[in-house]
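A.B. asks: Got a structure here, written out as structure tokens. Questions coming.
The values are calculated or read from the model by the stated rules, or taken from the named source; none is laboratory data. Please read these numbers as outputs of a predicted model, since none were measured by experiment. Quick reminder, even Gly has a Cβ in these numbers, built from the backbone with ideal geometry, and neighbours come from all protein chains shown. These area figures cover heavy atoms from the full protein model, side chains too; ligands, DNA and RNA do not enter into them. Shrake-Rupley method; radii C 1.70, N 1.55, O 1.52, S 1.80 Å.
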Amino acid sequence: MTEVALRAVIKGTGSALPRNRVSNAELARRVDTTDEWITERTGIKFRHIAEPDETTSSLAIEASRRALDAAGMSASDIDLIILATATPDQTFPASATIVQHALGCNGGVAFDVAAVCSGFLYAFSVAESMIRAGSAHNALVIGAETFSRILDWEDRTTCVLFGDGAGAVVLSGEVGIRGALVTKLHADGQHNELLYVDGGPSTTGTVGQLRMKGREVFRHAVTNLTNVLHEVLAATDLTPADIDWVVPHQANARIIAATAKKLALDPNKVVLTVDQHANTSAASVPLALDVAVRDGRIKKGDVVVLEAMGGGFTWGASIVRM
Ligand code: UT7
């Protein structure tokens, strides 16, 4: 039984996707690939690709408005905004401040976190720590990306894997048994060259494009995610049987299946959206969470595991009682 304590409780979720949905067959007309290859190797069928008027911040704003609505709260209640993204609107200011202004939040704190596909877990951890410390009361934690803008559309080994989107949660401090029970984060910079962008303001002066050695990343992902999932379970004395839902980072259906198998997690308890959204990096976990909350699978009181791994490498997991 979880003890009563001040915790950050997820009060509402929201998400947003660009208008343009692109199928594997459409991509196959643009690059040397097939629907069969993409489906078999990744589980992806569709991804949403931002039009010029859709940006990381515009998607983040839309997802945030939906999360606020779901929480029954208004922008003026929010005193902390953390936006996880590797594709900000500008090098600076932080896209979180663009969201803050658009929503009409006055005051409080707003900043971006860069941990690529693990960005939402990192942002979530910072927000829930600040809430428990009393330095914030109501937070918007957002993952939003427009990876289509940093893809090399000539490189079939990467461009078919990613999509654009945003997801957001409203977190509020509450005394009780609900909320974030434990979060564990990790980073290991020695593997930078396996997944990176070949540009940046301080090096090339250009935005750059995503480069990945997929097979190696796959191997590290299964190992790191399995380890961190064991770690969060051990920290809470929960067993896989106690978990109602797993909301994994949606990079590849085979990574998700292999990780679930290693932990003896029931595959029917794993939320899968990679077929519809592809890999949306920092947006993937809150986007999948919102899908499963809105379709009624994830309910108040459920024990949910969030997990992600990405460039850096960075990875992490969290157990939350909804
Ligand atoms: O979110 C951040 C974390 N990222 C990830 O978790 C991604 C992890 N990696 C993966 O998901 C997988 O490794 C990929 C989906 C990227 C690749 O799957 P794979 O089973 O590891 O394939 P592979 O890289 O070993 O490539 C197999 C073959 C190669 O051809 P050869 O050398 O066997 O002749 C590739 O050239 O598939 C070829 N290939 C393609 N064929 C058709 C690579 N991309 C494509 C493509 N269409 N789009």
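A.B. asks: Look through R7, R41, R30 and report the one residue that is in contact (Cβ under 8 Å) with a residue 40 or more places away in the chain and either among the aromatic types (F, W, Y) or buried (at least 17 other Cβ atoms within 10 Å of the Cβ) (or both). So that I can check it myself, show each step before the final result.
C.D. replies: Numbers: R41 fails: either among the aromatic types (F, W, Y) or buried (at least 17 other Cβ atoms within 10 Å of the Cβ) (or both); R30 fails: either among the aromatic types (F, W, Y) or buried (at least 17 other Cβ atoms within 10 Å of the Cβ) (or both).
Of the residues listed, the single one that is in contact (Cβ under 8 Å) with a residue 40 or more places away in the chain and either among the aromatic types (F, W, Y) or buried (at least 17 other Cβ atoms within 10 Å of the Cβ) (or both) is R7.
A.B. asks: Can you name the residue in region 44-75 that is surrounded by 24 or more Cβ atoms within 10 Å (Cβ to Cβ) and of a type in the set (S, T, N, Q) and is also nearest to T146 (Cα to Cα) among such residues?
C.D. replies: Among those that are surrounded by 24 or more Cβ atoms within 10 Å (Cβ to Cβ) and of a type in the set (S, T, N, Q), it is T56.
A.B. asks: In region 288-315, which residue that is within 12 Å of the ligand (Cβ to nearest atom) and over 14 Å from the mean Cα position of the chain (by Cα) is least open to solvent (accessible area, probe 1.4 Å)?
C.D. replies: Of everything passing the filter in region 288-315, F313 is least open to solvent (accessible area, probe 1.4 Å).
A.B. asks: Within region 140-168, track down each residue that is among the small types (G, A, S) and open to solvent by 30 Å² or more (accessible area, probe 1.4 Å).
C.D. replies: Initially, region 140-168 is screened for residues among the small types (G, A, S), giving 143-144, 148, 163, 165-168.
Residues satisfying the conditions do not exist here.
A.B. asks: What do you reckon, is H137 in the same structural domain as D302 (by TED's automatic domain parsing) and open to solvent by 10 Å² or more (accessible area, probe 1.4 Å)? Show your work before the answer.
C.D. replies: Working: in the same structural domain as D302 (by TED's automatic domain parsing): no; open to solvent by 10 Å² or more (accessible area, probe 1.4 Å): yes.
It is false that H137 is in the same structural domain as D302 (by TED's automatic domain parsing) and open to solvent by 10 Å² or more (accessible area, probe 1.4 Å).
A.B. asks: Looking only at region 113-134, filter to residues that are over 17 Å from V182 (Cα atoms) and surrounded by fewer than 24 Cβ atoms within 10 Å (Cβ to Cβ); which one of those is nearest to the chain's Cα centre (by Cα)? Walk me through it before giving the result.
C.D. replies: Initial filter on region 113-134 (over 17 Å from V182 (Cα atoms)): 113-117, 134.
If we keep only those that are surrounded by fewer than 24 Cβ atoms within 10 Å (Cβ to Cβ) too, we end up with 114, 134.
Values: A114: 12, G134: 25 Å.
If we take residues in region 113-134 being over 17 Å from V182 (Cα atoms) and surrounded by fewer than 24 Cβ atoms within 10 Å (Cβ to Cβ), then A114 is nearest to the chain's Cα centre (by Cα).
A.B. asks: Give me a count of the residues in region 169-181 that are assigned to a strand (DSSP E or B) and either out of contact with any helix residue (DSSP H, G or I) (no Cβ under 7 Å at 6 or more places or on another chain) or surrounded by fewer than 18 Cβ atoms within 10 Å (Cβ to Cβ) (or both).
C.D. replies: Residues of region 169-181 that are assigned to a strand (DSSP E or B), as a first pass: 169-176, 179-181.
Cutting the leftovers down to either out of contact with any helix residue (DSSP H, G or I) (no Cβ under 7 Å at 6 or more places or on another chain) or surrounded by fewer than 18 Cβ atoms within 10 Å (Cβ to Cβ) (or both) gives us 172, 174-176, 179.
Number of matching residues: 5.
A.B. asks: I would also like to ask the following. Go through region 131-168 and give me each residue that's away from the ligand (no atom under 12 Å from the Cβ), part of a helix (DSSP H, G or I) and closer than 18 Å to A114 by Cα.
C.D. replies: Once the filter is applied, which keeps residues that are away from the ligand (no atom under 12 Å from the Cβ), part of a helix (DSSP H, G or I) and closer than 18 Å to A114 by Cα, region 131-168 yields S148, R149, I150.
A.B. asks: Would you be able to say whether some residue in region 275-287 is assigned to a loop (DSSP other than H, G, I, E, B) and either open to solvent by less than 10 Å² (accessible area, probe 1.4 Å) or touching a Ser or Thr at 6+ places or on another chain (Cβ under 9 Å) (or both)? Give the steps one after another, and end with the answer.
C.D. replies: First, pick out the residues of region 275-287 that are assigned to a loop (DSSP other than H, G, I, E, B): 278, 280.
Remaining after also requiring either open to solvent by less than 10 Å² (accessible area, probe 1.4 Å) or touching a Ser or Thr at 6+ places or on another chain (Cβ under 9 Å) (or both): 278, 280.
Within region 275-287 (the criterion being assigned to a loop (DSSP other than H, G, I, E, B) and either open to solvent by less than 10 Å² (accessible area, probe 1.4 Å) or touching a Ser or Thr at 6+ places or on another chain (Cβ under 9 Å) (or both)), the answer is yes, since at least one residue qualifies.
A.B. asks: Separate question: Looking at region 10-24 only, could you name the residues that are open to solvent by less than 50 Å² (accessible area, probe 1.4 Å) and over 18 Å from the mean Cα position of the chain (by Cα)? Break it down into steps so the answer makes sense when it comes.
C.D. replies: The initial filter retains those residues of region 10-24 that are open to solvent by less than 50 Å² (accessible area, probe 1.4 Å), namely 10, 12-16, 18, 22-24.
V22, S23, N24, listed by residue number.
A.B. asks: In region 80-93, what residues are open to solvent by less than 20 Å² (accessible area, probe 1.4 Å) and under 22 Å from E51 (Cα atoms)?
C.D. replies: Going residue by residue through region 80-93, those that are open to solvent by less than 20 Å² (accessible area, probe 1.4 Å) are 80-85, 87.
Scanning region 80-93 gives L83, A84, T85, T87.
A.B. asks: Right, another one. I need every pair where a residue in region 94-107 that is open to solvent by 40 Å² or more (accessible area, probe 1.4 Å) and polar (S, T, N, Q) has its Cβ under 7 Å from the Cβ of a residue that is assigned to a helix (DSSP H, G or I) and modelled with pLDDT of 95 or more, sequence separation at least 6 or different chains.
C.D. replies: Note: pairs meeting the criteria are N106/S76.
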